[in-house]
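The values are calculated or read from the model by the stated rules, or taken from the named source; none is laboratory data. What you see is a predicted model, and the numbers here were worked out from it, not measured in a lab. Here Cβ is always computed from backbone atoms with ideal geometry, including for glycine, and neighbour counts include all displayed protein chains. The area values use the complete protein model at the heavy-atom level, side chains included, leaving out ligands, DNA and RNA. Shrake-Rupley method; radii C 1.70, N 1.55, O 1.52, S 1.80 Å.
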Amino acid sequence: MVVLRGAVTNTTWKKLTCAAAMVFLTELRMAVPSASVCASGSMQNERKVVHMLAERFRFSPDEVRVKVGTTIEFRLESDDTDHGFRIIGTDIERVIPKRGRGNIVVSFTPDQAGRYDFECSKLCGAGHNFMHGVIVVEP
């Protein structure tokens, strides 16, 4: 533990906090925060709330665009039967209850730029295979 004595400005404190966080994350062998995160003085991710409706073999919206590191909070609701929500290549897979039985909240924070496909993972009828979408993650 390091104890600082004397005058420490707010800017210096932010730099020290960011440096300590990078050392801690490096020790855990995790991704080091980008310089832009440290420059802003904030270690919190941006957050985007997406209200998504699952119905009649489609998700609406079926495309979501975010920047790397943005936490997406999906608020999922069905307008007909039970549906599934799976983001392919992740461990996210949930059941969306049928109309009138509530909704679910799923959070996802992409750590790399690219495309993340999502789909209905619960057989929901003849058009089930058409029920998919994409999360586009930009650098």
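Scanning region 110-139 for residues that are open to solvent by less than 30 Å² (accessible area, probe 1.4 Å) and under 16 Å from Thr71 (Cβ atoms) returns Pro110, Phe118, Ile135, Val136, Val137. Can you find a residue in region 84-92 that is more than 15 Å from His132 (Cα to Cα) and surrounded by 13 or more Cβ atoms within 10 Å (Cβ to Cβ)? Checked region 84-92: no residue is more than 15 Å from His132 (Cα to Cα) and surrounded by 13 or more Cβ atoms within 10 Å (Cβ to Cβ).
Pairs linking a residue in region 58-78 that is more than 20 Å from Lys122 (Cα to Cα) and open to solvent by less than 90 Å² (accessible area, probe 1.4 Å) to a residue that is in a loop (DSSP other than H, G, I, E, B) and of a type in the set (A, V, I, L, M), with Cβ atoms under 8 Å and 6 or more positions apart or on different chains, are Val68/Ala113.
Among the residues of region 115-127, are any hydrophobic (A, V, I, L, M, F, W, C), more than 15 Å from Lys48 (Cα to Cα) and within 14 Å of the chain's Cα centre (by Cα)?
Just the residues of region 115-127 that are hydrophobic (A, V, I, L, M, F, W, C), to begin with: 118, 120, 123-124, 126.
From the residues that got through so far, the ones that are more than 15 Å from Lys48 (Cα to Cα) too are 118, 120, 123-124, 126.
Imposing the further condition that a residue be within 14 Å of the chain's Cα centre (by Cα) reduces the set to 118.
Looking through region 115-127, at least one residue is hydrophobic (A, V, I, L, M, F, W, C), more than 15 Å from Lys48 (Cα to Cα) and within 14 Å of the chain's Cα centre (by Cα).
Would you confirm, using the coordinates I've provided, whether Arg101 is within 18 Å of the chain's Cα centre (by Cα), surrounded by fewer than 15 Cβ atoms within 10 Å (Cβ to Cβ) and not polar (S, T, N, Q)? No; evaluated as a whole, the condition is false for this residue. Only one of the numbered conditions (1) surrounded by 15 or more Cβ atoms within 10 Å (Cβ to Cβ); (2) at pLDDT 95 or above is violated by Cys38, and that is (2).
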